[in-house]
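Asks: Let me begin by handing over the structure; questions about it come next.
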Amino acid sequence: RIHRDEKPLIEVETAMVPNVVTAGASARGHVIFRPNETVRAHWNNEAAGLVFWLDTPEEWPVSQRELTVANPPEAVSLEPRDVEFEISVPEDATPGAKTISGYAIYYVCEDVGGTCLYRRHDIELPLEVRPAEN
């Protein structure tokens, strides 16, 4: 079992571009992960890299459902890590507010010399769908 990153040790920024899309069109999702400087968190690169999984309906095609970010060669680092994906909105999608859901799993450490843990962070990206133009 992997516990959620409730502190959080990693801060997450999200964006959908565009954030309002016509049914039948596509949008790009951007997710950035940054170690939380206030708790002196950092990446531990001696374990597996960050994995991001999209949990979308099958009828909403995505460029990749599972994305990974390779670790840099240093044992410890502070760089932001990002993933990007493209999602296609079905032509028959119901108009209105939607949520593109996913989660990330990563290995992160608390403070200098602190405990290193696997953590999970649930991600939600808002997307507004407009009716297809006739």
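Asks: With the contact rule set at Cα under 8 Å and sequence spacing of 6 or more, what percent relative contact order holds for the stretch 14-134?
Replies: Contact order relative to length: 36 percent.
Asks: With every protein chain left in place, what is the accessible area per residue of the stretch 59-102 in square angstrom, probe 1.4 Å? Write down the numbers at each step before the final one.
Replies: Values: 2550 Å² over 44 residues.
Normalised by residue count, the accessible surface of the stretch 59-102 is 58 Å².
Asks: Between Ala75 and Glu124, what's the calculated FRET efficiency when r is the beta-carbon distance and R0 is 41 Å? Round to 0.05.
Replies: 0.80
Asks: Let me ask something else about it. Need the C-alpha centroid separation for the stretch 74-134 versus the stretch 1-53, integer Å.
Replies: Each part's Cα centre sits 5 Å from the other's.
Asks: Sticking with this one: Assuming 1.306 mPa s and 10 °C, estimate D for the chain with Stokes-Einstein, Rh taken as the Kirkwood radius over Cα pairs, in µm²/s.
Replies: Values: Rh = 15.8 Å.
After rounding, the answer is 100 µm²/s.
Asks: Sticking with this structure for a sec: Arg28: accessible area at probe 1.4 Å, nearest 10 Å²?
Replies: Here the residue's solvent-accessible area equals roughly 90 Å².
Asks: Taking a 1.4 Å probe, which of Cys109, Cys116 shows the most accessible area, and what order do the others take after it? Working shown, then result.
Replies: Numbers: Cys109 0, Cys116 45 Å².
The ranking, largest first, comes out as Cys116, Cys109.
The values are calculated or read from the model by the stated rules, or taken from the named source; none is laboratory data. The structure displayed is predicted, hence computed values, not measured ones. Every residue, glycine among them, receives a Cβ derived from its backbone with ideal geometry; neighbour counts consider all protein chains shown. The area values use the complete protein model at the heavy-atom level, side chains included, leaving out ligands, DNA and RNA. Shrake-Rupley method; radii C 1.70, N 1.55, O 1.52, S 1.80 Å.
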